[in-house]
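To keep things clear, I will list the structure first and then write my remarks on it.
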Amino acid sequence: MRVLVVEDEEELADAIARGLRLHAIAVDVAYDGQEALELAAYVPYDVVVLDRDLPEVHGDEVCRELAGGDAAGRVLMLTAAGRVRDRVDGLTLGADDYLIKPFTFAELVARIRALSRRSRRDGPAPLERAGVRLDPGRRTVTRDGRPVALNRKEFDVLHALLRADGRLVTSAQLRRSAWDEYADAASGVLRVTLTSLRRKLGSPPLIENLPGQGYRL
């Protein structure tokens, strides 16, 4: 499971992330709405834990963007406002669940797991480009109808490139898509993964490298 925690109170955001990782959940953290949208554009999160009152881009707008885009993940909105009208507003924007601050950590984990099960059951739509078809639900890839066997990291990198729909994806964004925010830029794992992915996809080559800028399919 992959979760994005969006919370401008950094101590709270980091505490939530640490707690979720203890439950074997992969977590990225964004401290404002703009960063959240940028991450969600390239990483297929199962659940987004979203504070409503955010800087840069308000949580309501982030929720609206996520609900209206092609993201398959579910949105759990956090807020200090406990009025019924506030909850209704959040759900109307596209949130899948609502949790009022302060909350117990056990309830947060339970709600995240429940939303993740719903996300997997519905299943995201397959992505296709240049003869490559990737099915996120079945985790299968074909090129011109030919099955392509990828490991988890190769699959996640290809998924990020397909989600970009021809747009440039930076190395940092690709590392986050397949690893997490702690991925070591100097380790060379991304380069090795891309080399293997290119070989498995076959000819003609599909992944273009723009030195110093990033990659695109």
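The values are calculated or read from the model by the stated rules, or taken from the named source; none is laboratory data. Given the structure is predicted, the values throughout are model-derived calculations rather than measurements. For neighbour counting, all protein chains shown are included, and Cβ atoms are generated from backbone atoms with ideal geometry for every residue, glycine included. Each accessible area value is taken on the protein alone, full model and side chains, heavy atoms only, with ligands, DNA and RNA left out. Shrake-Rupley method; radii C 1.70, N 1.55, O 1.52, S 1.80 Å.
Restricting attention to the range 191-217, the residues that are open to solvent by less than 60 Å² (accessible area, probe 1.4 Å) and either modelled with pLDDT of 90 or more or touching a strand residue (DSSP E or B) at 6+ places or on another chain (Cβ under 9 Å) (or both) total 12.
In this structure, does V43 turn out to be assigned to a helix (DSSP H, G or I) and among the β-branched types (V, I, T)? If you could, list the steps in order and put the result at the bottom.
Details: assigned to a helix (DSSP H, G or I): no; among the β-branched types (V, I, T): yes.
Spelling it out, it is not the case that V43 is assigned to a helix (DSSP H, G or I) and among the β-branched types (V, I, T).
The listed residues are A17, A13, A24, and the only one of them that is over 18 Å from L93 (Cα atoms), in a loop (DSSP other than H, G, I, E, B) and among the small types (G, A, S) turns out to be A24.
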